[in-house]
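**Q** Please see the structure below; I have some questions.
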Amino acid sequence: MYLDSFTFPDADTEFDFLLSIKRQCYNSFYPFKILSQREFTILNFEPITILYGGNGSGKTTALNVIAQKLHLKRDSRFNQSNFFEDYTNLCDYALMRELPEHSRVITSDDVFDYMLNIRMMNEGIDTKREELFEDYLDAKYSKFQFTSMKDYDQLKKVNQARSKTQSKYVRSNLMNNIREHSNGENAFQYFIDKIEENGLYLLDEPENSLSPERQLELVSFIEDSVRFFGCQFVISTHSPFLLAMKGAKIYDLDQDPVKVKPWTELKNVQIYHRFFESHQQEFNIPLKNDKDTR
(Lines give C-alpha, C1' and ligand atoms only; values in the text may rest on other atoms or scores of the structure.)
Protein backbone atom coordinates (compact mmCIF):
# COMPACT_ATOMS: atom_id res chain seq x y z
CA MET A 1 0.00 0.00 0.00
CA TYR A 2 1.28 3.41 -1.01
CA LEU A 3 -1.82 5.58 -1.36
CA ASP A 4 -4.07 5.55 1.72
CA SER A 5 -6.75 8.14 0.88
CA PHE A 6 -7.61 10.95 -1.51
CA THR A 7 -10.07 13.79 -0.97
CA PHE A 8 -11.90 15.84 -3.59
CA PRO A 9 -13.48 19.24 -2.85
CA ASP A 10 -17.10 19.09 -1.70
CA ALA A 11 -19.92 21.23 -3.13
CA ASP A 12 -19.43 24.03 -0.56
CA THR A 13 -15.69 24.29 -1.27
CA GLU A 14 -16.36 24.39 -5.00
CA PHE A 15 -19.05 27.05 -4.53
CA ASP A 16 -16.67 29.28 -2.57
CA PHE A 17 -14.07 29.02 -5.33
CA LEU A 18 -16.48 29.55 -8.23
CA LEU A 19 -17.99 32.54 -6.47
CA SER A 20 -14.69 34.34 -6.94
CA ILE A 21 -14.67 33.65 -10.70
CA LYS A 22 -16.40 35.86 -13.25
CA ARG A 23 -18.77 33.30 -14.76
CA GLN A 24 -19.39 35.18 -17.98
CA CYS A 25 -15.77 34.60 -19.06
CA TYR A 26 -15.99 30.82 -19.23
CA ASN A 27 -18.30 28.17 -20.61
CA SER A 28 -16.79 25.27 -18.65
CA PHE A 29 -15.43 24.82 -15.15
CA TYR A 30 -14.37 21.22 -15.65
CA PRO A 31 -13.58 19.23 -13.48
CA PHE A 32 -15.64 21.23 -10.97
CA LYS A 33 -19.13 19.82 -10.23
CA ILE A 34 -18.38 16.44 -11.80
CA LEU A 35 -17.70 14.45 -8.63
CA SER A 36 -19.35 16.68 -6.04
CA GLN A 37 -22.77 16.24 -7.66
CA ARG A 38 -22.69 12.64 -6.40
CA GLU A 39 -21.18 13.64 -3.05
CA PHE A 40 -17.98 11.83 -4.01
CA THR A 41 -15.45 13.55 -1.76
CA ILE A 42 -13.16 10.84 -0.41
CA LEU A 43 -11.52 7.64 -1.60
CA ASN A 44 -10.10 5.17 0.91
CA PHE A 45 -7.87 2.72 -0.88
CA GLU A 46 -7.11 -0.98 -0.75
CA PRO A 47 -4.38 -2.83 -2.70
CA ILE A 48 -6.91 -2.95 -5.57
CA THR A 49 -9.46 -0.13 -5.74
CA ILE A 50 -11.93 0.10 -8.61
CA LEU A 51 -13.96 3.07 -9.84
CA TYR A 52 -17.03 1.70 -11.61
CA GLY A 53 -19.57 3.67 -13.61
CA GLY A 54 -21.03 4.37 -17.01
CA ASN A 55 -19.92 7.01 -19.50
CA GLY A 56 -19.99 10.44 -17.89
CA SER A 57 -19.94 9.08 -14.35
CA GLY A 58 -16.62 10.78 -13.62
CA LYS A 59 -14.42 7.72 -13.09
CA THR A 60 -11.83 8.83 -15.67
CA THR A 61 -11.94 12.38 -14.33
CA ALA A 62 -11.22 11.11 -10.82
CA LEU A 63 -8.32 9.03 -12.09
CA ASN A 64 -6.80 11.96 -13.98
CA VAL A 65 -7.16 14.26 -10.97
CA ILE A 66 -5.40 11.75 -8.72
CA ALA A 67 -2.62 11.22 -11.26
CA GLN A 68 -2.13 14.96 -11.70
CA LYS A 69 -2.08 15.64 -7.97
CA LEU A 70 0.47 12.88 -7.37
CA HIS A 71 2.58 13.93 -10.41
CA LEU A 72 2.51 10.41 -11.82
CA LYS A 73 4.21 9.55 -15.10
CA ARG A 74 2.04 9.25 -18.19
CA ASP A 75 2.63 8.77 -21.92
CA SER A 76 -0.35 10.56 -23.50
CA ARG A 77 -1.80 13.96 -22.79
CA PHE A 78 -5.32 14.27 -21.48
CA ASN A 79 -8.06 16.87 -21.73
CA GLN A 80 -7.66 19.70 -19.25
CA SER A 81 -9.52 22.94 -18.71
CA ASN A 82 -8.42 26.32 -17.40
CA PHE A 83 -9.51 25.19 -13.95
CA PHE A 84 -7.88 21.79 -13.73
CA GLU A 85 -4.94 23.06 -11.68
CA ASP A 86 -7.28 25.09 -9.45
CA TYR A 87 -9.28 21.95 -8.80
CA THR A 88 -6.29 19.74 -8.00
CA ASN A 89 -5.02 22.42 -5.59
CA LEU A 90 -8.21 21.89 -3.58
CA CYS A 91 -7.57 18.12 -3.40
CA ASP A 92 -5.52 16.34 -0.77
CA TYR A 93 -4.14 12.87 -0.16
CA ALA A 94 -2.46 10.70 2.46
CA LEU A 95 0.36 8.26 1.75
CA MET A 96 1.34 5.18 3.70
CA ARG A 97 4.82 5.32 2.21
CA GLU A 98 6.71 7.30 -0.42
CA LEU A 99 5.63 6.69 -4.00
CA PRO A 100 8.24 4.96 -6.22
CA GLU A 101 9.37 7.12 -9.13
CA HIS A 102 8.19 4.62 -11.75
CA SER A 103 4.56 4.82 -10.53
CA ARG A 104 2.34 5.89 -13.41
CA VAL A 105 -1.11 6.25 -14.90
CA ILE A 106 -1.93 4.11 -17.95
CA THR A 107 -4.90 5.20 -20.06
CA SER A 108 -6.66 3.60 -23.00
CA ASP A 109 -5.18 6.41 -25.14
CA ASP A 110 -1.67 5.30 -24.12
CA VAL A 111 -2.39 1.75 -25.24
CA PHE A 112 -4.05 2.87 -28.47
CA ASP A 113 -1.13 5.17 -29.36
CA TYR A 114 1.30 2.32 -28.64
CA MET A 115 -0.57 -0.05 -30.98
CA LEU A 116 -0.87 2.67 -33.64
CA ASN A 117 2.86 3.43 -33.47
CA ILE A 118 3.73 -0.26 -33.92
CA ARG A 119 1.36 -0.49 -36.88
CA MET A 120 2.79 2.64 -38.50
CA MET A 121 6.36 1.44 -37.97
CA ASN A 122 5.56 -1.96 -39.42
CA GLU A 123 3.79 -0.40 -42.39
CA GLY A 124 6.79 1.87 -42.91
CA ILE A 125 9.11 -1.13 -42.77
CA ASP A 126 6.95 -2.98 -45.30
CA THR A 127 7.12 0.03 -47.64
CA LYS A 128 10.89 0.24 -47.20
CA ARG A 129 11.20 -3.48 -47.95
CA GLU A 130 9.50 -3.02 -51.33
CA GLU A 131 11.84 -0.13 -52.09
CA LEU A 132 14.86 -2.28 -51.23
CA PHE A 133 13.68 -5.01 -53.61
CA GLU A 134 13.73 -2.43 -56.41
CA ASP A 135 17.09 -1.01 -55.28
CA TYR A 136 18.61 -4.49 -55.32
CA LEU A 137 17.55 -5.20 -58.90
CA ASP A 138 18.57 -1.74 -60.11
CA ALA A 139 21.99 -1.99 -58.46
CA LYS A 140 22.74 -5.58 -59.48
CA TYR A 141 21.96 -5.14 -63.15
CA SER A 142 22.96 -1.52 -63.63
CA LYS A 143 25.82 -0.52 -65.98
CA PHE A 144 27.55 1.44 -63.24
CA GLN A 145 30.97 3.01 -63.70
CA PHE A 146 32.94 4.59 -60.88
CA THR A 147 34.14 8.03 -62.00
CA SER A 148 34.69 10.04 -58.81
CA MET A 149 34.40 9.88 -55.02
CA LYS A 150 30.84 11.17 -55.38
CA ASP A 151 29.98 7.72 -56.74
CA TYR A 152 31.43 5.89 -53.71
CA ASP A 153 28.08 5.23 -51.96
CA GLN A 154 26.57 3.91 -55.17
CA LEU A 155 29.62 1.71 -55.70
CA LYS A 156 29.15 0.13 -52.26
CA LYS A 157 25.48 -0.51 -53.04
CA VAL A 158 26.31 -2.13 -56.39
CA ASN A 159 29.02 -4.33 -54.87
CA GLN A 160 26.71 -5.37 -52.05
CA ALA A 161 23.91 -6.25 -54.47
CA ARG A 162 26.19 -8.28 -56.71
CA SER A 163 27.74 -10.21 -53.82
CA LYS A 164 24.51 -11.11 -51.97
CA THR A 165 21.21 -12.75 -52.70
CA GLN A 166 18.14 -10.56 -52.74
CA SER A 167 16.93 -11.77 -49.33
CA LYS A 168 20.32 -11.23 -47.67
CA TYR A 169 20.58 -7.77 -49.22
CA VAL A 170 17.17 -6.77 -47.88
CA ARG A 171 17.82 -8.24 -44.43
CA SER A 172 21.13 -6.43 -44.09
CA ASN A 173 19.53 -3.08 -44.96
CA LEU A 174 16.26 -3.41 -43.10
CA MET A 175 15.27 -3.85 -39.49
CA ASN A 176 12.77 -6.59 -38.70
CA ASN A 177 9.14 -5.82 -38.03
CA ILE A 178 8.66 -4.68 -34.44
CA ARG A 179 6.04 -7.30 -33.57
CA GLU A 180 3.77 -9.44 -35.64
CA HIS A 181 1.07 -9.57 -32.94
CA SER A 182 -2.62 -8.79 -32.89
CA ASN A 183 -3.89 -5.56 -31.36
CA GLY A 184 -4.98 -7.46 -28.26
CA GLU A 185 -1.57 -9.07 -27.83
CA ASN A 186 0.17 -5.72 -28.27
CA ALA A 187 -2.19 -4.06 -25.78
CA PHE A 188 -1.55 -6.77 -23.21
CA GLN A 189 2.20 -6.51 -23.79
CA TYR A 190 2.02 -2.77 -23.12
CA PHE A 191 0.78 -3.41 -19.57
CA ILE A 192 3.45 -6.07 -19.02
CA ASP A 193 6.17 -3.65 -20.13
CA LYS A 194 4.98 -0.65 -18.12
CA ILE A 195 4.05 -2.25 -14.79
CA GLU A 196 7.12 -2.89 -12.65
CA GLU A 197 7.59 -4.21 -9.15
CA ASN A 198 6.72 -2.04 -6.13
CA GLY A 199 4.69 0.79 -7.63
CA LEU A 200 1.34 2.56 -7.68
CA TYR A 201 -0.53 2.17 -10.97
CA LEU A 202 -3.68 3.93 -12.12
CA LEU A 203 -5.36 2.11 -15.01
CA ASP A 204 -8.11 3.78 -17.04
CA GLU A 205 -10.40 1.19 -18.68
CA PRO A 206 -7.59 -1.31 -19.35
CA GLU A 207 -10.11 -3.73 -20.89
CA ASN A 208 -10.25 -1.65 -24.08
CA SER A 209 -8.69 -3.58 -27.00
CA LEU A 210 -8.51 -6.77 -24.90
CA SER A 211 -10.53 -9.89 -25.64
CA PRO A 212 -12.21 -11.67 -22.70
CA GLU A 213 -9.35 -14.17 -22.66
CA ARG A 214 -6.78 -11.37 -22.51
CA GLN A 215 -8.77 -9.58 -19.81
CA LEU A 216 -8.58 -12.70 -17.65
CA GLU A 217 -4.82 -12.82 -18.24
CA LEU A 218 -4.59 -9.17 -17.18
CA VAL A 219 -6.62 -9.95 -14.05
CA SER A 220 -4.14 -12.71 -13.11
CA PHE A 221 -1.22 -10.37 -13.81
CA ILE A 222 -2.68 -7.61 -11.60
CA GLU A 223 -3.52 -10.01 -8.77
CA ASP A 224 -0.01 -11.49 -8.88
CA SER A 225 1.55 -8.00 -9.02
CA VAL A 226 -0.29 -7.11 -5.81
CA ARG A 227 0.31 -10.37 -3.99
CA PHE A 228 3.92 -11.05 -4.91
CA PHE A 229 5.47 -7.85 -6.27
CA GLY A 230 4.34 -5.03 -3.98
CA CYS A 231 2.06 -3.14 -6.39
CA GLN A 232 -1.09 -1.13 -5.68
CA PHE A 233 -3.75 -0.45 -8.33
CA VAL A 234 -6.53 2.08 -8.81
CA ILE A 235 -8.62 1.06 -11.81
CA SER A 236 -11.56 2.61 -13.63
CA THR A 237 -13.53 -0.09 -15.45
CA HIS A 238 -16.92 -1.62 -16.22
CA SER A 239 -15.49 -5.00 -17.25
CA PRO A 240 -17.05 -7.83 -15.21
CA PHE A 241 -13.75 -9.71 -15.40
CA LEU A 242 -11.84 -6.91 -13.66
CA LEU A 243 -14.70 -6.13 -11.28
CA ALA A 244 -14.57 -9.71 -10.00
CA MET A 245 -10.93 -9.46 -8.89
CA LYS A 246 -10.25 -10.91 -5.47
CA GLY A 247 -10.31 -8.37 -2.65
CA ALA A 248 -11.10 -5.38 -4.90
CA LYS A 249 -12.84 -2.43 -3.26
CA ILE A 250 -15.39 -1.04 -5.73
CA TYR A 251 -16.84 2.48 -5.72
CA ASP A 252 -20.08 2.67 -7.71
CA LEU A 253 -20.07 6.12 -9.34
CA ASP A 254 -23.50 5.50 -10.86
CA GLN A 255 -24.96 5.81 -7.36
CA ASP A 256 -25.96 9.13 -5.85
CA PRO A 257 -24.27 9.38 -3.44
CA VAL A 258 -21.38 7.15 -4.46
CA LYS A 259 -21.28 3.88 -2.53
CA VAL A 260 -18.93 0.94 -2.06
CA LYS A 261 -20.55 -2.21 -3.46
CA PRO A 262 -19.74 -5.87 -4.13
CA TRP A 263 -19.28 -6.55 -7.83
CA THR A 264 -22.36 -8.78 -8.03
CA GLU A 265 -24.65 -5.85 -7.15
CA LEU A 266 -23.43 -3.56 -9.93
CA LYS A 267 -25.91 -2.74 -12.69
CA ASN A 268 -23.76 -3.84 -15.64
CA VAL A 269 -22.88 -7.13 -14.00
CA GLN A 270 -26.53 -7.87 -13.26
CA ILE A 271 -27.42 -7.13 -16.90
CA TYR A 272 -24.79 -9.64 -18.03
CA HIS A 273 -26.10 -12.15 -15.51
CA ARG A 274 -29.70 -11.84 -16.67
CA PHE A 275 -28.67 -12.09 -20.31
CA PHE A 276 -26.72 -15.32 -19.88
CA GLU A 277 -29.35 -16.70 -17.54
CA SER A 278 -32.02 -16.19 -20.22
CA HIS A 279 -29.85 -18.17 -22.68
CA GLN A 280 -28.83 -20.87 -20.23
CA GLN A 281 -30.58 -23.68 -22.13
CA GLU A 282 -28.64 -22.84 -25.28
CA PHE A 283 -25.36 -23.32 -23.45
CA ASN A 284 -26.49 -26.77 -22.33
CA ILE A 285 -26.98 -27.97 -25.93
CA PRO A 286 -23.90 -29.99 -27.03
CA LEU A 287 -22.09 -28.70 -30.09
CA LYS A 288 -22.41 -30.68 -33.30
CA ASN A 289 -19.53 -33.03 -34.08
CA ASP A 290 -18.27 -32.52 -30.54
CA LYS A 291 -17.02 -35.92 -29.41
CA ASP A 292 -16.63 -34.80 -25.81
CA THR A 293 -20.18 -34.00 -24.60
CA ARG A 294 -19.36 -34.07 -20.93
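**Q** What's the FRET efficiency of Ile42 with Ile192 using the Cβ-Cβ distance as r and R₀ = 25 Å, to the nearest 0.05? If you can, show how the numbers build up before the last one.
**A** On the way: r = 32 Å, r/R0 = 1.30.
Approximately 0.15, to the nearest 0.05.
**Q** Here is a further query. Near the amide H of Leu202, under 5 Å away, which other amide H atoms are found, from residues 5 or more places off or on another chain, if H is placed in the peptide plane?
**A** Arg104, Val105, Ile106, Val234
**Q** Tell me the accessible surface of Arg214 in square angstrom (1.4 angstrom probe, heavy atoms of protein chains only), to the nearest ten.
**A** Per-residue accessible area (Arg214): approximately 60 Å².
**Q** Next question, about the same structure. Explain nothing, just compute: Karplus ³J(HN,Hα) = 6.51 cos²θ - 1.76 cosθ + 1.60, θ = phi - 60°, for every residue of region 97-113 in order, whole Hz, x for Gly and Pro.
**A** Karplus-based 3J(HN,Hα) across region 97-113 equals 7, 4, 6, x, 5, 7, 4, 7, 9, 10, 9, 5, 5, 4, 5, 4, 4 Hz.
**Q** Enumerate the calculated ³J(HN,Hα) couplings along region 57-67 in order (Karplus 6.51 cos²θ - 1.76 cosθ + 1.60, θ = phi - 60°), each rounded to whole Hz, writing x wherever the residue is Gly or Pro.
**A** Once θ is set to phi - 60°, the couplings for region 57-67 become 6, x, 5, 5, 4, 4, 5, 5, 5, 4, 4 Hz.
**Q** Structure shown: which of Lys194/Lys259; Lys33/Lys261; Lys33/Lys69 lie over 28 Å apart, alpha-carbon to alpha-carbon? Spell out each step's value before the answer.
**A** Details: Lys194/Lys259 31 Å; Lys33/Lys261 23 Å; Lys33/Lys69 18 Å.
Among Lys194/Lys259; Lys33/Lys261; Lys33/Lys69, the Cα-Cα distance tops 28 Å for Lys194/Lys259.
**Q** Could you pull out every residue, at least 5 positions away or on a different chain, whose amide H is within less than 5 Å of the one on Asp4? Hs are placed 1.01 Å off N in the peptide plane, and Pro or chain starts have none.
**A** Ala94, Leu95, Met96
**Q** Let me ask another. Largest first, what is the accessible-area ranking of Lys261, Lys59, Lys73 with a 1.4 Å probe?
**A** Details: Lys261 45, Lys59 5, Lys73 105 Å².
I get Lys73, Lys261, Lys59, largest accessible area first.
**Q** Here's another thing I want to ask about it. Work out how much length Met1 to Glu277 would gain on full extension: take 0.36 nm times their residue separation and subtract the Cα-Cα distance, in nm to one decimal. Don't skip to the answer; put the middle values down first.
**A** Working: separation 276, 0.36 × 276 = 99.36 nm, distance 3.81 nm.
Result: 95.6 nm gained on full extension.
**Q** Just going by the charge dipole of region 194-274, with Lys and Arg at +1 and Asp and Glu at -1 on Cβ, which of Tyr251, Gln215, Ser239 is farthest out on the positive end?
**A** In region 194-274, that residue is Tyr251.
**Q** Between beta-carbons, use under 10 Å as the cut-off and find the net charge around Tyr2, counting Lys and Arg +1, Asp and Glu -1.
**A** Numbers: positive: Arg97; negative: Asp4, Glu98.
Within the 10 Å Cβ shell, the charges total -1.
**Q** From the backbone phi of region 244-254, what are the Karplus-calculated ³J(HN,Hα) couplings (6.51 cos²θ - 1.76 cosθ + 1.60, θ = phi - 60°) in whole Hz, Gly and Pro given as x?
**A** After applying 6.51 cos²θ - 1.76 cosθ + 1.60, I find 8, 4, 4, x, 6, 9, 10, 9, 8, 7, 7 Hz.
**Q** Before anything else, pin down the relative contact order of region 177-262: Cα pairs under 8 Å, at least 6 apart, normalised by residue count, whole percent. Intermediate values should be presented prior to the final figure.
**A** On the way: 83 pairs, mean separation 23.6, N = 86.
Over region 177-262, the number comes to 27 percent.
**Q** Go through region 188-223 and name the GluC sites (Glu not before Pro) that are in a DSSP coil and have 12 or fewer other Cβ atoms within 10 Å of their Cβ. Can you show the working numbers first?
**A** On the way: sites: Glu196, Glu197, Glu207, Glu213, Glu217, Glu223; in loops: Glu196, Glu197, Glu207.
For GluC sites (Glu not before Pro) across region 188-223 that sit outside H, G, I, E and B with at most 12 neighbouring Cβ atoms in 10 Å, the list reads Glu197.
**Q** Taking H as built 1.01 Å from N, whose amide H comes closer than 5 Å to the amide H of Ile250, not counting residues under 5 places away?
**A** Answer set, sorted by chain and number: Ile50, Lys261.
The values are calculated or read from the model by the stated rules, or taken from the named source; none is laboratory data. Quantities reported herein were computed from a predicted structural model and do not represent experimental measurements. As a convention, Cβ positions derive from the backbone with ideal geometry for all residues, glycine included, and neighbour counts pool all protein chains shown. Note: areas computed on protein heavy atoms with side chains; ligands, DNA, RNA excluded. Shrake-Rupley method; radii C 1.70, N 1.55, O 1.52, S 1.80 Å.
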